[in-house]
């Protein structure tokens, strides 16, 4: 299967060569991310696609000085909503009604259920939930990039508060969750590039309950 072959090919690149990824590939990757599933379809995050080298240089020191941050073609920053608000929830439900050109009683009851639940919760609890949705989208992004034969390096090793400040995220009601350099591996500088992929066996990973 072509997808499995490409997933076997992918790994978290530790060095990139600075080569630019064609825009059509970036567009396909981002579109796959946009189509990722999220809880209640709320998509409670945003993605910042950074090609500005100065901004990448500013982020590098607060991301453990990892070279892929500056040597990548595009740096993606997944930023989750800092909390759920009635405005945010209503915006997505209204968008659904607009696109589908209909109003459904069950859907409206579901809207009200969320409005009665999420906004009343502690903001940090809500952020944990929104960040999990961003990670679902991250997984889809990794697969889409592999399908395009483009390398990625998911990075949690960074100072979120510092990245938030650099990008002005808190003012937008967002908090950075994960960084994703996108580009092409540098085989000459990456000790990991030629090593055999190691994963648990299917028997160790999967329990079949019939």
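Bear in mind these aren't lab numbers, they're just calculated from the coordinates by the rules spelled out. The structure presented is a predicted model; accordingly, all values stated were derived computationally and were not measured. Every residue, glycine among them, receives a Cβ derived from its backbone with ideal geometry; neighbour counts consider all protein chains shown.
Exposure proxy for 175, 100: other Cβ atoms within 10 Å of each Cβ, ordered fewest to most, give 100, 175. With a/c under 1.5 counting as rounded, go ahead and sort region 100-185 into rounded, prolate or oblate using the C-alpha gyration tensor (a ≥ b ≥ c being the square roots of the eigenvalues; past the cut-off, prolate if a/b is larger than b/c, else oblate). Judged from the Cα gyration tensor, region 100-185 comes out oblate (a/c at least 1.5, b/c at or above a/b).
Could you give the distance between the Cα centres of region 1-74 and region 126-187, to the whole Å? Here the two parts' Cα centres lie 7 Å apart. Between 0 and 90 degrees, rounded to the nearest ten: what's the tilt of helix 105-117 against the longest Cα principal axis of the chain? Between helix and principal axis, roughly 80 degrees.
Projected label points at residue 189 and residue 31, each 7 Å from Cα along the beta carbon direction, are separated by 3.2 nanometres.
For the chain, the Kirkwood estimate of the hydrodynamic radius, built from every pair of different alpha carbons, is 18.8 Å.
Relative to the globular-protein estimate of 2.2 N^0.38 Å, the Cα radius of gyration of region 145-191 stands at 1.47. In degrees, nearest 10, range 0 to 90: what is the angle between the Cα axis of helix 86-100 and the longest Cα principal axis of the chain? Helix 86-100 and the main axis of the chain meet at about 90 degrees.
Distance between the pseudo-spin-label points of residue 23 and residue 123 (7 Å out from Cα toward the beta carbon): 3.8 nm.
Taking Rh as the Kirkwood radius, which is the inverse of the mean 1/r over Cα pairs, what is the Rg/Rh value for region 122-171? With Rh from the inverse mean 1/r over Cα pairs, Rg/Rh is 1.06. You can think of it this way: the chain between residue 115 and residue 209 has 30.2 nm of extra reach, that is 0.36 nm per residue less the Cα-Cα gap.
A P(r) calculated from all alpha carbon pairs of region 1-71, with 5 Å bins opening at zero, reads 3, 11, 15, 21, 21, 18, 9, 2, 0 percent.
The sum of -39500 (n - 2.57) across all DSSP H runs of n ≥ 4, divided by the residue count of the chain, sets its helix-only mean residue ellipticity at 222 nm to -13500 deg cm²/dmol.
For region 35-153, the mean projected area of the C-alpha convex hull, equal to one quarter of the hull surface, is 9.1 nm². Quick one: helix 123-147 against the long Cα principal axis of the chain, what's the angle to the nearest 10°, folded into 0 to 90? The two axes meet at around 50 degrees.
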